[in-house]
Amino acid sequence: MAKNSTKSSKSPVFACKECGDTFGKWAGKCGSCGAWDSLVEFKEPPPQASASARGLSGVGIQGQSNAGLNGVIALKDIPEQTENRIPTGIAEFNRVLGGGIVPGSLVLIGGDPGIGKSTLLLQAATLLAAGGIKTLYISGEESLAQLKLRAARLETPGSDLLAAAETDLQEIFKLTESARPGVLIIDSIQTVYKPDVAASPGSVTQLREATLALMVHAKSTGCAIFLVGHVTKEGQLAGPRILEHMVDTVIYFEGERHHSYRILRAVKNRFGATHEIGVFEMGSTGLRQVHNPSEAFLQTRDDRAPGSMVTCCLEGSRPLLLEVQALVGRTNYSMPQRVSMGFDQKRLTLLLAILEKFAGLDIGPQDVFLNLAGGFRVDEPAIDLAVAAAVAGNHLGKTSRHATLALGEIGLNGELRPVPQMEARLREAARLGFKAAVIPETQKAPPHIPGLELLLAKRLRDALDHLFE
Ligand code: TYD
Ligand code: MG
């Protein structure tokens, strides 16, 4: 969902006042929402150097007088920072944050409306408060009565959590001055405004100014701040990318609305690894952690169904078993349909061409539908082989080999290519009872895992022979 643009920091950026999308050049009409005369230029955030000079550089070496000449210091002389993280009480959330909340950090949590951002933060906030961390929840979107209702539904001990319904940032700072919270939650950044800035809440200017003020507040007081941010239908944070540049950590909350699984994913983290994920399930009493996602994702699988193939993707440091499902049938259209859910459509088209050419499958005139079960989304080429095998299996009407998973990237010549961290993936498969894995022959030093037979394949064809022998 989250795409990271690599826009040059030098070029001017124009943002639409209406929808918040950003563009590299000015135009009279917004290319996204079609609003006229809505693009305004905004400046890039201050570069790191000047930010650190003003004490905004994150908790890293804040407060250290720069011993040495002219404010510079040898790296070896910088005292090591002792990590002082606050655990949220939700292990899956801690994992994504890099081990817990860093005091003085500014964290942005983005996601579609209704995905569960407020629910997650309210659950975390009540647990923090119950654990003795003074936590203040600022609700700009819902009344306190609504917040109370939600808390009651969550059945979490929330009595110590401080809350206020406020959108004026000056008033919010007054509240923090008297309450002095260790953790502050702003739900959402689009609703708060600085009264001394002449722009409406949610506008680019307000977002930038409010976020900057909150950043200064976090760094100067050591209070960790969470900002909730909405995303547009294109999957970008409503409001310009500038928000992502300014904050320390950007986390997206993703999932299909009609599936219960929710994935929390760090796309930027100054205090930890990115691409770590946390898995949750939305239930009637809020979000439940899914500690064993592979098992959860495979629960409903019918391994006798032709067109079902299991593979293992890697999310951060975490291997996840997934079911790829394919449905292939004669088309009723002049242009056969290629529909892919959770996997890149262009890559599917490419794999179909490879199947046609190197496995001799007559797929051209067929409709092909592909789905990653559970509403999951993966863009790793390591699952290529499973995608191709699911399509081939359904097309041929053949069930794949029992308790076997498929792993491998497929090259344009139909050759199988090694995938990173094979061992971690295979261990996860063995842990869940898989008996064999088809993997690329080119995989260097294939790991030996007790109980898991390795079937090496050089080319796509060999892999399909192993799977459908
Ligand atoms: P919410 O946290 O309000 O989403 P966001 O802040 O991202 O807009 O989530 C609201 C959705 O979650 C809503 O559709 C109702 C559902 N929900 C549950 O299914 N169970 C619950 O216990 C709660 C609190 C919400
Ligand atoms: Mg909300």
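Here, each number is a calculation from the coordinates, and none is a lab measurement. These figures come from a predicted structure and were not determined experimentally. Here the Cβ is made from the backbone with ideal geometry for all residues, glycine too, and neighbour counts use every protein chain on show.
Once the C-beta distance of residue 317 and residue 339 is scaled by a Förster radius of 35 Å, the resulting FRET efficiency is 0.65 to the nearest 0.05.
Note on the chain: semi-axes of the ellipsoid equivalent to its C-alpha gyration tensor, largest first and rounded to whole Å, are 44, 25, 23.
Looking at the chain, the DSSP beta bridges with both ends there are about 55 percent antiparallel.
Which of the peptides 72-79, 426-433 is most tightly packed, and how do the rest follow, judged by the mean count of other Cβ atoms within 10 Å per residue? Could the numbers behind the result be given before it?
On the way: 72-79: 9.2, 426-433: 17.6.
Per-residue Cβ counts within 10 Å, averaged per peptide and sorted highest first, yield 426-433, 72-79.
Averaging the Cα positions of each part gives two centres, and for segment 208-223 and segment 97-133 these lie 17 Å apart.
Quote the FRET efficiency, to the nearest 0.05, computed for residue 456 versus residue 72 with a Förster distance R0 of 51 Å and r equal to the Cβ-Cβ distance.
Working: r = 54 Å, r/R0 = 1.06.
The value I calculate is 0.40.
Spin-label pair residue 155-residue 196: with each label point 7 Å from Cα along the Cα-Cβ axis, the two points sit 4.8 nm from one another. Highest mean packing comes first when the peptides 134-146, 208-220 are listed by Cβ atoms within 10 Å, giving 208-220, 134-146.
The angle separating the long axis of helix 144-154 from the principal Cα axis of greatest extent in the chain is about 40 degrees. Helix 204-221 axis versus longest C-alpha principal axis of the chain: approximately 70°, rounded to the nearest ten. Return the percentage of antiparallel bridges among DSSP beta bridges fully within segment 296-467, rounded to the nearest 5 %. Here the antiparallel bridges make up roughly 60 percent for segment 296-467. Placing +1 on each Lys and Arg Cβ and -1 on each Asp and Glu Cβ, with no other charges, gives the chain a dipole about its Cα centre of roughly 360 debye. Between residue 40 and residue 468, the distance separating the two model label sites (each 7 Å from Cα on the Cα→Cβ line) works out to 5.9 nm.
What angle do you read, to the nearest 10 degrees and between 0 and 90, between the alpha-carbon axis of helix 345-358 and the longest principal axis of the chain? Approximately 20 degrees, to the nearest 10. The distance linking segment 426-469 with segment 301-323 is 14 Å (Cα centroid to Cα centroid, whole angstrom).
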